[in-house]
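S.K.: Quick one: this structure, given as structure tokens, is what I'll be asking you about.
Bear in mind these aren't lab numbers, they're just calculated from the coordinates by the rules spelled out. Worth saying up front: this structure is predicted, and the values here are computed from it rather than measured. Note that each Cβ is placed from the backbone with ideal geometry, even for glycine, and that neighbours are counted across all protein chains shown.
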């Protein structure tokens, strides 16, 4: 999938075995990807800046300092992980998959298997990035709201009418109507349905006893 | 060995008693002493006829040794000699009677290593019929008895009294039965000088059982080594897998580079160089495995102990990673020279290391460290220490664990440490365990410099 390589995606390769690391790096580079290598999980985690392109990490699951599984936990699903292993332990596989690994490949790893896994991981990375980007945008918009507007928003997404919101908050219906308009504008939505979806994405919920009965 | 010593003491006692008897009863020992026909006849009285003709010269020699008959050599005998060398009376014990009493093969040899007499035990052990033996060269039974050119073993002191004979030195040799089969024996030779002539006394102890015991011990050690390698199988498979992985990826990368336009030959050359290195790496793993499972006799050579430790380290490295255990090595380069069997000493170290891993299986991973030290213990001794941070051993266990069939593992046979003990013993070293002051235990192996198994 050439798009992945063209868009400047990045593949991290982490293996404490020098010759395996070198060989895998060559292989992935020969397929056109950008590669960065580390000889330990710790070194990888300490790498510094965040990538602003799709990225994934190819990782040996059994390394001396911290295990691949521990690393996956620390990454916390922020980056897709492809595990490779010389040990072929089934319990380990299940653990890794449950923790959300994209793939789990036994050594020796064939080029087609590894490259396919990398492609899938990078697509997922793009997807994760997109989601991340959207969430950040929503949060920025949310910050535009005043505290009162936020209160109003939390109530109107439950389906309450302006009248009900007004009585709950102890103001005039006319005021609520004005707040509502400003919320819609600041949140850049044009319908209640859209607002609800946005609210769900960032987890804005009404106070307890929420949804208005109609 | 103790059976032999008892037999030799018994024999010497018998010989001394026999001489004493001659003093007391000059006629008690030996025959009438008339050479020729009579001698032949009396000799015939003791042994079945068979090859008597060929035997005659030897039997005459025997007569000369033990009787008061005139010596064809014409040597004059002194009065004391006559008294001592005395007449024998029929019915009294002769040298042949004494030999028959011994529980092992015993023979007397005459000139040129020809058998003069042989007891029944000799015939039994070697598969001969009794009368086949006199007149046979001794080398037919023991091909290389170490008799010198004159077919006589070296004698310490011709002037020494018969009674002050030193005990025979026994040597382990190969012997051959009548059917041609070979077996191990211990042979003792001693010359008896009597009345101016030399007769060689040969005593043989069958050592087949000891050989078998030794072989059993070697077989058991081999089995233990194979079993250990079985435990390491998964880790070793991983060790081999690493170079295989590198080789595959390198080759597939090279194939892509070759399909490029233009072909990046420098990259391909680099790849090929790496593939060769990885192949060597894989064959090193195989070599190390083979070195452990090798079966064979002890091979005592000057040892590179640092190299032995290094090989063991590489063998257990993957296993250590799986068990989240770290190994620290502290090797002193300046060591007194030690000789020994590399395979066996490697087995000891392997065993101690794996035990250390086991000892720490219940310990949090951050604390799992094994420290392996190799240093001089004194100008002529080397000390190896394997230190773990487990739970240590109870004081009664410190000794017991080296006994066979003592184990704390559910699947264990409990033989590992007892085999290690016997290996270290064979190297004239010491193996023991001590609890550490902080936590865990340390196993020590001390080997003398220039030690020989």
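S.K.: I need A:33, B:128, B:280 ordered by Cβ neighbour count within 10 Å, fewest first. List each step's numbers first, then the result.
M.R.: Numbers: A:33 21, B:128 17, B:280 10.
Taking fewest neighbouring Cβ atoms as first place, the list is B:280, B:128, A:33.
S.K.: How many nm is it between the label spots at residue A:202 and residue B:380, if each spot is 7 Å from the Cα in line with the beta carbon?
M.R.: A separation of 8.6 nm, rounded to one decimal place.
S.K.: What percent do you get for the relative contact order of segment A:115-189 when only Cα pairs under 8 Å and 6+ apart count?
M.R.: Averaging sequence separation for qualifying contacts and normalising by length gives 32 percent for segment A:115-189.
S.K.: Over segment B:369-453, what is the relative contact order in percent, taking alpha-carbon pairs closer than 8 angstrom and at least six residues apart? Mind dumping the intermediate values first?
M.R.: On the way: 151 pairs, mean separation 28.3, N = 85.
That works out to 33 percent.
S.K.: Enter the Cα centre distance for the pair segment B:166-227 and segment B:337-391, rounded to the nearest angstrom.
M.R.: 38 Å
S.K.: Evaluate the relative contact order of segment B:197-347 (contact order divided by residue number), counting alpha-carbon pairs under 8 angstrom at least 6 apart; express in whole percent.
M.R.: On the way: 103 pairs, mean separation 43.6, N = 151.
Relative contact order here is 29 percent.
S.K.: Ranked by Cβ crowding within 10 angstrom, fewest neighbours first, how are B:395, B:208 ordered?
M.R.: Least crowded to most crowded, the residues run B:395, B:208.
S.K.: If you don't mind, another one. On a C-alpha basis, how far is the centre of segment B:93-123 from the centre of segment B:413-442 in Å? Whole number, if you could?
M.R.: A separation of 48 Å, based on Cα centres.
S.K.: Label residue B:430 and residue A:185 with points 7 Å out from Cα along Cα→Cβ: what is the distance between them in nm?
M.R.: 9.4 nm
S.K.: Take the Cα of residue B:218, step 7 Å along the line toward its Cβ, and report every residue of segment B:274-305 whose backbone nitrogen sits under 11 Å from that point.
M.R.: Of the residues in segment B:274-305, B:295-300 have backbone N under 11 Å from the label point off residue B:218.
S.K.: Treat each spin label as a single point 7 Å out from the Cα along the C-beta direction, and report the residue A:167 to residue B:304 distance in nm.
M.R.: Those two pseudo-labels are separated by 9.4 nm.
S.K.: Set the Förster radius R0 to 60 Å, insert the Cβ-Cβ distance between residue A:51 and residue B:211 as r into 1/(1 + (r/R0)^6), and round the FRET efficiency to 0.05.
M.R.: E between residue A:51 and residue B:211, to the nearest 0.05, is 0.25.
S.K.: Tell me, how many Å apart are the Cα centres for segment A:139-160 and for segment B:236-309?
M.R.: Cα centroid of segment A:139-160 versus Cα centroid of segment B:236-309: 64 Å apart.
S.K.: Next up: Using a Förster radius of 25 Å, what is the FRET efficiency between residue A:177 and residue A:146 based on their Cβ-Cβ separation? Nearest 0.05, please.
M.R.: According to the calculation, E is roughly 0.95.
S.K.: Along each principal axis of its Cα atoms, how long is segment B:303-371 end to end? Whole angstroms, biggest number first, please.
M.R.: The principal-axis extents, from largest down, are 39, 22, 17 Å.
S.K.: A further question on this structure: Gain in length, residue B:439 to residue B:130, computed as 0.36 nm per residue apart minus the alpha-carbon separation, to one decimal in nm?
M.R.: Contour length minus Cα-Cα distance gives 104.3 nm.
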